[in-house]
Amino acid sequence: MILVTGGTGLVGAHLLFKLASNHNRVRAIYRNEKKLVNTKKVFECYTKNYKSIFESIDWIQADILDIPALSEAFKDVTKVYHCAAFVSFEPNKYQLLRKINIEGTANIVNLSISHNIKKLCYVSSIATLGRPLNNDYIDENTNWNPEADNHVYAITKYGAEIEVWRGTQEGLNAVIVNPGLIIGAGIWKYGSGSLFTKAKKGLKFYTNGTVGLVSVKDVVNIMINLMESKITNERFVLVSENWTYKDFLQSLSKSVNGRIPEKLASKSMLGLVWRLDWLKHKITGKRRQLTKHIAHALQTKSNFNSQKIKTTVDYNFEPMTEVLTQVGQVYLKQD
């Protein structure tokens with residue numbers, strides 16, 4: 001039996017479809033019924049007749065912080081894909097991020113050890129990688145710098161990785177993947193999917209930084225390849241291509257027939273916007289849309305190297321131009 005956490009998120013839902021379609025015995029946990037709509041929307045991107053595939057999955061209502069319920073989900077499980085996470089860059093969400101990303105992962109690791117799980121795959125992020133001293137490519141050997149001004153999401157995802165590595169010291173076989181910005185269809189209200197929604201409404205500005213992109217299908221395929229291999233206790237950067245934000249946002253807009261952003265958002269403009277966003281949050285209590293760290297990331301030029309995974313499992317990534325076009329077409333059909 002294969003257990004998937006985060007099955008109502010982008011990676012988890014696409015992973016579930018792939019595993020269930022290949023007739024694997026799969027169990028997935030979910031927090032509430034409403035979230036299952038996300039998974040169904042993802043499945044619908046592959047086929048309108050997804051019902052039998054969805055129902056072949058053993059769905060269990062549980063939370064990664066609820067150890068008794070989680071223990072039930074681990075019965076007869078041999079492999080675990082841990083995709084569940086809380087994604088936020090808001091400083092006031094730090095304690096919640098710690099609880100879900102670090103404590104939740106610790107629970108998964110502990111139960112994997114106690115149930116003698118054969119292998120665990122953890123979905124981390126390129127956010128846990130360090131920054132080179134010069135303009136070199138960032139890869140698995142670029143060490144995290146705890147003294148840097150790291151954002152709260154990165155700190156907690158790094159903490160989650162530490163829990164996985166701790167598990168490997170206690171006998172757990174594990175692999176970690178560090179994807180860039182994951183592009184995939186089906187979930188349009190939040191995450192990278194919301195960018196298609198915003199692009200359809202019309203984007204005015206682009207920024208001066210770069211972004212590492214990867215298809216959700218590539219992430220899923222690589223995760224399955226790693227879990228079916230003899231590779232253990234390794235991590236892999238998953239970035240198909242490094243793009244400028246200008247090229248990314250303009251291609252994104254084209255994919256949904258949206259207005260092409262043609263104005264550069266300067267550093268001073270972004271600085272003003274994130275400060276106004278902070279003030280709005282303080283006055284109204286509404287969630288932050290742009291933090292200081294996001295503004296900085298939008299201006300940062302970083303290049304990621306995925307040569308390790310290409311060599312290790314002989315994998316070729318999908319061209320991102322094609323991925324954006326395909327996902328944009330699905331968005332226009334589902335919108």
### Task
Go through region 49-71 residue by residue and tally those that are under 20 Å from residue 10 (Cβ atoms) and surrounded by fewer than 16 Cβ atoms within 10 Å (Cβ to Cβ).
0
### Message
For region 7-38, which positions are buried (at least 24 other Cβ atoms within 10 Å of the Cβ) and on the phi > 0 side of the Ramachandran plot?
### Response
none
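Residues checked against (1) at pLDDT 95 or above; (2) crowded, with 16+ Cβ neighbours inside 10 Å:
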position: 82; (1), (2): yes, yes
position: 92; (1), (2): no, no
position: 98; (1), (2): yes, yes
position: 102; (1), (2): yes, yes
position: 114; (1), (2): yes, no
position: 136; (1), (2): no, no
position: 143; (1), (2): no, no
position: 158; (1), (2): yes, yes
position: 174; (1), (2): yes, yes
### Query
Of all residues in region 16-35, which are touching a strand residue (DSSP E or B) at 6+ places or on another chain (Cβ under 6 Å) and not in a strand (DSSP E or B)?
16, 19, 20, 24
### Message
Need the failing condition index for residue 49 against (1) part of a loop (DSSP other than H, G, I, E, B); (2) in contact (Cβ under 8 Å) with a residue 12 or more places away in the chain; (3) out of contact with any helix residue (DSSP H, G or I) (no Cβ under 6 Å at 6 or more places or on another chain); (4) not small (Gly, Ala, Ser), just the number.
### Response
(2)
### Task
Looking for whichever is modelled with pLDDT under 95, surrounded by fewer than 22 Cβ atoms within 10 Å (Cβ to Cβ) and farther than 17 Å from residue 304 by Cβ here; the options are 170, 147. Which one fits?
147
### Query
For region 155-182, what are the residues that are over 20 Å from residue 89 (Cα atoms) and outside any helix (DSSP H, G or I)?
170, 171, 172, 173, 174, 175, 176, 177
### Task
Working only within region 185-195, note down all residues that are in a helix (DSSP H, G or I) and either surrounded by fewer than 15 Cβ atoms within 10 Å (Cβ to Cβ) or more than 16 Å from the chain's Cα centre (by Cα) (or both).
194
### Query
What is the residue count in region 122-154 for residues that are under 16 Å from residue 179 (Cα atoms) and part of a helix (DSSP H, G or I)?
5
### Summary
Filtering region 244-275 down to residues that are in contact (Cβ under 8 Å) with a residue 12 or more places away in the chain, surrounded by fewer than 20 Cβ atoms within 10 Å (Cβ to Cβ), within 30 Å of residue 140 (Cβ to Cβ) and not hydroxyl-bearing (Ser, Thr, Tyr) yields 246
### Query
With respect to residue 300, is the statement that it is among the hydroxyl-bearing types (Ser, Thr, Tyr), surrounded by fewer than 16 Cβ atoms within 10 Å (Cβ to Cβ), at pLDDT 95 or above and closer than 28 Å to residue 265 by Cα true?
no
#### Entry: Criterion (more than 22 Å from the chain's Cα centre (by Cα) and of a type in the set (Asp, Glu)) met by exactly one of 228, 234, 262, 241
262
#### Entry: Hits in region 52-103 (condition: under 26 Å from residue 178 (Cα atoms), in a loop (DSSP other than H, G, I, E, B) and among the hydrophobic types (A, V, I, L, M, F, W, C))
62, 64, 65, 74, 77, 83, 84, 85, 86, 87, 89
### Message
Just the residues that are among the polar types (S, T, N, Q), over 30 Å from residue 272 (Cβ atoms) and either part of a loop (DSSP other than H, G, I, E, B) or free of Cβ contacts under 8 Å to residues at least 40 places away in the same chain (or both), please, taken from region 301-319.
### Response
305, 306, 311, 316
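The values are calculated or read from the model by the stated rules, or taken from the named source; none is laboratory data. Keep in mind it's a predicted model, so treat the numbers as computed, not measured. Please note: Cβ atoms are built from the backbone with ideal geometry, for glycine as well, and neighbour counts cover all protein chains shown.
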